[in-house]
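The block underneath contains the structure these notes are about, expressed in structure tokens.
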Amino acid sequence: MHCYPRRIPKLRCTRSKRVRPRLRAPVLVGVGAPVAGQTAQRAASPAQNEQPDPQAAATGLLERALRIGHEKDDADWLHNSAVKAQMKRMDPSFSEKSLGFKSFSDFLRSRTDVVELDESSTTRLVRLKTTAT
């Protein structure tokens with residue numbers, strides 16, 4: 001934003017600068033008290049305060065990414081690179097290495113109860129395992 005005319009220093013800008021108010025963090029009143037905007041049910045249950053299992057969370061993320069990939073593309077098989085890219089879009093913190101796998105293909109091989117792999121060619125393809133009812 002420039003002040004006009006720029007060469008006369010005594011003139012002020014016609015627009016005033018607005019300062020945004022700072023948001024303050026909610027203050028905990030007591031142990032087990034709900035935080036502002038949080039329901040009492042959620043704050044009272046100690047089981048939900050624990051971290052979810054990262055392996056189970058990664059499996060759920062993989063399933064959701066495959067479902068989205070199948071909705072976008074009508075192909076039965078998806079490239080594993082496309083699946084990984086979708087997973088990274090959904091959760092940027094996802095890393096197969098932090099889960100203890102050397103590669104994304106190793107991660108997929110460990111999830112054979114959820115996915116089917118086609119490693120017959122140089123392109124690695126994956127799809128959701130169909131459940132027979």
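The values are calculated or read from the model by the stated rules, or taken from the named source; none is laboratory data. Predicted model, so just to flag it, every value in this text is computed and none were measured. Positions of Cβ are generated from backbone atoms using ideal geometry, with glycine treated the same way; all protein chains shown enter the neighbour counts. Only protein heavy atoms, including side chains, enter the accessible area calculation; ligands, DNA and RNA are left aside. Shrake-Rupley method; radii C 1.70, N 1.55, O 1.52, S 1.80 Å.
If you go through segment 102-133 and keep only what is modelled with pLDDT of 90 or more, under 19 Å from A56 (Cβ atoms) and either open to solvent by 80 Å² or more (accessible area, probe 1.4 Å) or under 16 Å from the mean Cα position of the chain (by Cα) (or both), you end up with R109, D113. The set of residues in segment 68-101 being assigned to a helix (DSSP H, G or I) and either in contact with a strand residue (DSSP E or B) (Cβ under 8 Å, 6 or more places away or on another chain) or open to solvent by less than 50 Å² (accessible area, probe 1.4 Å) (or both) consists of G69, H70, N80, V83, A85, Q86, M87. Selection of segment 102-122 for residues being acidic (D, E) and in a helix (DSSP H, G or I) yields only D106.
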